[in-house]
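First up is the structure itself, then whatever we jot down about it.
The values are calculated or read from the model by the stated rules, or taken from the named source; none is laboratory data. What you are looking at is a predicted structure, and each value in this text was computed from that prediction instead of being measured. Please note: Cβ atoms are built from the backbone with ideal geometry, for glycine as well, and neighbour counts cover all protein chains shown. The area values use the complete protein model at the heavy-atom level, side chains included, leaving out ligands, DNA and RNA. Shrake-Rupley method; radii C 1.70, N 1.55, O 1.52, S 1.80 Å.
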Amino acid sequence: MAQIRIENVRKDYGKFNAVKSSSFTIEDGEFFMLLGPSGCGKTTTLRMIAGLEIPTSGEIYIDGEEVAQKPASQRDIAFVFQMFALYPHMNVGKNISYPLLSQGMPKAEVRKKVGEVAKTLGIEDILNKSVGGLSGGDRQRVALGRAIVRDPKVFLMDEPLGALDAEFREHMSEELRGLHDRMNATTIYVTHDQLEAMQMGDKIVVMNHGVVEQFGVPQDIYDWPATQFVGSFLGSPSMNFLSFSSNFETGDESLSSNSHSFKIPKQLESASGQIALGIRPENVSLSSSSGFIGRVIYNEYLGTTQVVTFATDLGELKAQIPSSEVITMGQHIGLELNSEKITLFDADSGQAFISVANKGIINHG
Ligand code: ATP
C-alpha cells in the first residue's frame with residue numbers, strides 16, 4: 001500500500017506538451033480515477049507513475065520517496081494493461097504463478113500464494129483449466145490474479161473494461177471495486193467514462209488537454225464543478241449553461257438579465273463579466289408561476305424520467321422531470337431553477353466563481 005504524490009509534473013513529446021504542470025495526491029488505499037476525453041493525457045500520466053515514461057519536469061513521490069527518474073522495476077507497481085492478455089499455452093494456475101516463479105520464489109511458497117489469490121478471486125476450481133476455454137469474466141479474474149499475486153504497492157489499470165459489453169462491464173466494475181475494498185491496495189484507474197468514474201472512484205482527477213481541471217471526491221466534483229468543462233463532462237445529460245452578456249446585474253442574492261431574475265447563492269453576488277449560469281437538468285422544474293418561459297423543442301423519454309429541451313431567450317435548457325408530466329412539442333412552459341444548485345462561471349475563462357474547497361469566491365483578477 002502506498003501514498004502517491006504528483007508535483008508539477010509535465011510531459012513534452014518534442015514540441016508537443018501532452019501533460020501540463022499537474023499536481024495531486026493519491027492517498028494510501030484509495031481507488032483513484034483519472035478521467036477525461038481521448039488524448040487528454042491520462043495514459044501518459046499513468047505511464048509516468050509506472051516509470052514507463054520519464055517526466056520532462058516535476059516530481060513523483062511514492063510513500064515520500066522521489067521516484068520520477070527511477071525505472072519501473074524499482075517501483076513495486078503492477079500495471080494491468082489489458083486484462084485479457086494471458087499466456088495461452090499455460091493453464092490458469094501457471095498464468096498466475098508465472099510472475100513469482102520468474103522472480104525465483106520457491107515452488108512451495110508460490111503454490112501457497114497462488115492458492116490464496118485464487119480464493120480471493122473465487123477461481124480455485126479452475127486452476128488446472130486451460131485459459132483458452134474460459135469465459136470472459138474468468139479470463140479477467142486470471143489476469144487480475146497475475147497482478148495481485150506479486151503483492152504490489154500500487155495497481156495501475158488503463159481502461160481495463162473498455163472492450164466489454166455494457167452488462168458485463170457493470171458486473172466486472174462492481175467486482176473490481178469489491179476486490180479493492182477487500183485488499184485495500186492503492187489503485188489508479190484510467191477511464192473516459194464519467195459514470196464509471198463516479199460509481200467506482202473514491203476520488204477523481206478530471207483532465208482536459210493535458211491540464212488537471214479538478215481533483216476531489218465524486219460528489220463535490222459533480223455538485224461544484226471548478227470549470228465549465230467539468231460541468232459538461234460529468235453528468236448525463238450534462239449541465240446547462242445560460243448566457244448572460246454584459247447587461248446583467250448581480251446583488252441581493254439575484255442575477256438579472258432583461259426580464260429575468262434568478263435567485264443565486266449569496267456568495268455569487270460579486271460575479272462579473274461575461275457569465276455562464278450552470279444548472280444541472282435535474283435542478284430545473286416546471287412552474288406555472290415562473291416568468292422564465294421555455295418552448296419545448298425536444299423530448300427524450302427515459303422510463304421514470306424524461307429530458308425535455310426548451311428554447312429560452314438565454315439559450316437552450318434541458319429539464320429532467322418525471323415522465324408523468326404531460327409535455328407537448330411547441331408548448332410554452334414556465335421554468336424554475338433550484339437556486340441552491342446554481343454555479344456561475346466566468347464565460348471567458350470557463351472558471352467557476354465559487355470553489356469547492358471553501359465554498360467561497362475565487363478571485364479571477
Ligand atoms: P486515450 O484515452 O485516447 O488513450 P489519453 O487521455 O490516455 O487518451 P494520452 O495517451 O496520454 O491520452 O496522450 C496524450 C497526448 O499525447 C495525445 O495527443 C497523444 O497523441 C500524445 N502522445 C502520447 N504518447 C506520445 C508519444 N510517444 N509521442 C508523441 N505524442 C504522444
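List of remarks:
- Verdict on Thr191 being among the hydroxyl-bearing types (Ser, Thr, Tyr), touching a helix residue (DSSP H, G or I) at 6+ places or on another chain (Cβ under 7 Å) and within 16 Å of the ligand (Cβ to nearest atom): yes
- Of the residues examined, Asp158 is one that is within 28 Å of Pro218 (Cβ to Cβ), acidic (Asp, Glu) and touching a residue at least 12 places away in the same chain (Cβ under 8 Å).
- Annotation note: Cβ proximity below 8 Å between a residue of region 296-312 that is in contact (Cβ under 8 Å) with a residue 12 or more places away in the chain and small (Gly, Ala, Ser) and a residue that is open to solvent by less than 10 Å² (accessible area, probe 1.4 Å) and assigned to a strand (DSSP E or B) (sequence gap 6+ or interchain) occurs for Ala311/Gly294.
- Against the criterion of being modelled with pLDDT under 95 and closer than 28 Å to Val212 by Cα, Glu340 qualifies.
- A count restricted to region 192-228 and to residues that are assigned to a helix (DSSP H, G or I) and either surrounded by fewer than 21 Cβ atoms within 10 Å (Cβ to Cβ) or out of contact with any Gly (no Cβ under 6 Å at 6 or more places or on another chain) (or both) stands at 13.
- Residue list for region 44-61, filter: open to solvent by 10 Å² or more (accessible area, probe 1.4 Å), part of a helix (DSSP H, G or I) and touching a Lys or Arg at 6+ places or on another chain (Cβ under 7 Å): Thr44
- Subset of region 24-42 [within 9 Å of the ligand (Cβ to nearest atom) and surrounded by fewer than 17 Cβ atoms within 10 Å (Cβ to Cβ)]: Pro37, Ser38, Gly39
- Where a residue in region 118-134 is farther than 19 Å from Asp151 by Cβ and its partner, wherever it lies, is among the polar types (S, T, N, Q) and surrounded by 15 or more Cβ atoms within 10 Å (Cβ to Cβ), with Cβ under 7 Å and at least six apart: Asn128/Asn91; Lys129/Asn91; Ser130/Asn91; Val131/Asn91; Val131/Asn95
- All strands (runs of 3 or more DSSP E) inside region 311-350 with 2 or more residues being open to solvent by 40 Å² or more (accessible area, probe 1.4 Å): 315-322, 332-337
- Among the residues of region 12-23, those identified as touching a residue at least 60 places away in the same chain (Cβ under 8 Å) and within 12 Å of the ligand (Cβ to nearest atom) are Asn17, Ala18, Val19, Lys20, Ser22.
- If you go through region 45-68 and keep only what is within 15 Å of the ligand (Cβ to nearest atom) and touching a residue at least 60 places away in the same chain (Cβ under 8 Å), you end up with Thr45, Leu46, Ile49, Ala50.
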